Amino acid sequence: MEIVRELPLDQVLRGDCVQLMRMLPPASVHCVFADPPYNLQLRGELRRPDDSLVDGVDDEWDRFTDYAAYDAFTREWLGECRRLLRKDGTLWVIGAYHNIFRIGAILQDLGFWILNDVIWRKANPMPNFRGRRFTNAHETLIWAARGRDSRHRFNYQAMKALNDDLQMRSDWFLPLCTGAERLRNAHGLKLHPTQKPEALLHRVLLASTAPDDIVLDPFLGTGTTAAVARRLSRHFIGIERHPVYAEAAIGRVRRVKPVTGQGIATTPGKREATRVPFGSLVERGLIAPGSTLTDRQRRVVATVIADGTIAAGEARGSIHKVGAAVQNAPACNGWTFWHIERDGVLVPLDTLRAAPPE
């Protein structure tokens with residue numbers, strides 16, 4: 001099978017996901033979001049008391065003869081996803097109790113490194129019609145890095161900002177896809193039985209990708225991943241075998257207006273902060289040789305030397321080394337420990353790193 005040389009960016013590909021993924025070059029995408037078949041037909045789930053299927057879930061795509069067939073298919077598409085992921089890429093897969101535990105085991109067998117399981121708790125879950133079980137009010141997302149040594153992206157500060165400046169937890173309370181967002185056919189019926197809400201994909205992509213990253217969805221459905229990726233200025237590659245769903249996804253994506261300019265930025269984390277040596281602040285004249293540094297409580301004092309070192313008593317060296325010495329500590333972050341007076345106010349050195357060059 002011929003491998004394409006140029007990625008089909010921002011396109012919806014119609015066909016079998018495994019076959020089409022085999023045509024893509026290795027290590028070519030940053031993130032995968034997968035909403036695979038739930039393996040419902042093996043369990044006879046989601047039926048009303050009259051034995052009709054809820055939401056018309058009767059897709060040939062979701063009919064597997066046994067667990068072995070489902071597991072073999074899962075290994076195939078997950079194996080291709082791992083081949084296509086870059087070394088530091090991550091994969092999200094969503095499922096319910098019918099399939100998520102089987103998928104999780106296969107993920108680990110293939111070498112993925114699980115980072116989190118996230119519970120999507122539905123604000124408006126489907127009721128249990130038979131009345132013989134608890135209402136199934138959640139689905140599970142597994143977030144995994146390509147491998148144990150992957151330096152995966154996690155936009156921690158962006159997630160914290162999204163959650164009113166509190167750490168984002170692994171239980172997400174979001175409603176099902178309803179209202180104008182829900183795609184319907186000519187008869188007013190739901191076009192896709194398990195269309196995911198855009199809010200869910202917004203959080204997934206905002207957490208684990210950057211603008212211009214490439215996101216692959218091998219089970220695109222009606223295009224939620226593609227629509228959100230486009231809005232957030234990420235590239236997407238969508239694969240969908242059902243012609244009606246694929247056509248709906250294409251039309252949906254065309255209607256999306258990407259965010260541009262400052263709107264696509266995410267709150268940077270500490271790993272993304274510009275790393276500059278303290279000496280560069282002295283070179284640029286932001287801190288003059290002979291200036292006095294102190295801790296926040298003004299208990300200790302150090303003098304700035306022209307070569308970018310500082311001196312406090314007999315201790316001389318980097319801001320980190322001297323900071324540790326004056327505290328009798330094994331280590332110190334000098335950027336946050338040392339302060340300098342500006343207009344009568346003590347400010348940490350760390351704030352000067354963001355100052356524009358004069």
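We did not get these values from a lab; they are worked out from the coordinates using the rules stated. For clarity, every value in this text was computed on a predicted model and none was experimentally measured. Positions of Cβ are backbone-derived with ideal geometry, glycine not excepted, and every protein chain shown enters the neighbour counts.
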Worksheet item: In debye to the nearest 20, how big a dipole does the chain give about its Cα centre with +1 on each Lys and Arg Cβ and -1 on each Asp and Glu Cβ?
Response: 420 debye
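Which net charge results when you count Lys and Arg as +1 and Asp and Glu as -1 among the other residues whose beta-carbon is under 12 Å from that of Leu206?
+3
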Fill in: Pairwise FRET efficiency - Glu247 versus Arg316, Cβ, R0 = 56 Å, nearest 0.05
0.20
Response to the item:
For the chain, whose charge dipole is built from +1 on Lys and Arg Cβ atoms and -1 on Asp and Glu Cβ atoms, the candidate among Thr294, Gly147, Ala199 with its Cα farthest towards the positive end is Thr294
Worksheet entry | Dipole of the chain, positive direction: furthest Cα of Pro348, Thr260, Pro277, with charges on the beta-carbon | Pro348
Worksheet item: Counting DSSP beta bridges with both partners in the stretch 11-270, what percentage is antiparallel, nearest 5?
Response: 45 percent
Worksheet entry | FRET efficiency estimate (nearest 0.05) - Cβ-Cβ, Gln11 to Lys257, R0 25 angstrom | 0.85
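Would you mind putting 107-117, 136-146 in packing order, based on average other-beta-carbon counts within 10 Å, highest first?
136-146, 107-117
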Practice prompt. Take the Cα atoms of the stretch 81-236, find their three principal axes, and give me the spread along each one in whole Å, biggest first.
Written response: 46, 35, 34
Discussion item. Report the gain in length on full extension from Leu189 to Asp343: 0.36 nm times residue separation, minus Cα-Cα distance, nm rounded to one decimal.
Written reply: 48.9 nm
Worksheet, complete the sentence: Extension length gain for Asp164 and Asn333 (0.36 nm per residue less Cα distance), in nm, is 58.1 nm
Response to the item:
Here the gain from full extension of Thr292 to Leu110, 0.36 nm per residue of separation minus their alpha-carbon distance, amounts to 59.9 nm
Worksheet item: Order of 246-253, 126-133, 314-321 by packing, highest average Cβ count within 10 Å first?
Response: 246-253, 314-321, 126-133
Fill in: Selected from Gly79, Gly238, Gly344 as most flexible by GNM, with the chain as the system and alpha-carbon contacts under 10 Å
Gly344
Discussion item. Order these by the 10 Å Cβ neighbour count, fewest first: Asp165, Asp10.
Written reply: Asp165, Asp10
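Dividing the Cα radius of gyration by the Kirkwood radius, what Rg/Rh value follows for the stretch 274-354?
Numbers: Rg = 11.4 Å, Rh = 12.4 Å.
Taking Rg over the Kirkwood Rh, I get 0.92.
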Worksheet item: Using only Cα atoms, what Kirkwood radius does the chain have, in angstroms?
Response: 23.6 Å
Discussion item. Just to confirm my numbers, what's the Cα centroid distance between the stretch 185-223 and the stretch 309-358 in Å?
Written reply: 47 Å
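Mind ranking 187-194, 202-209 by how tightly packed they are, going by the mean number of other C-beta atoms within 10 angstrom, highest first?
Going from most to least packed, we get 202-209, 187-194.
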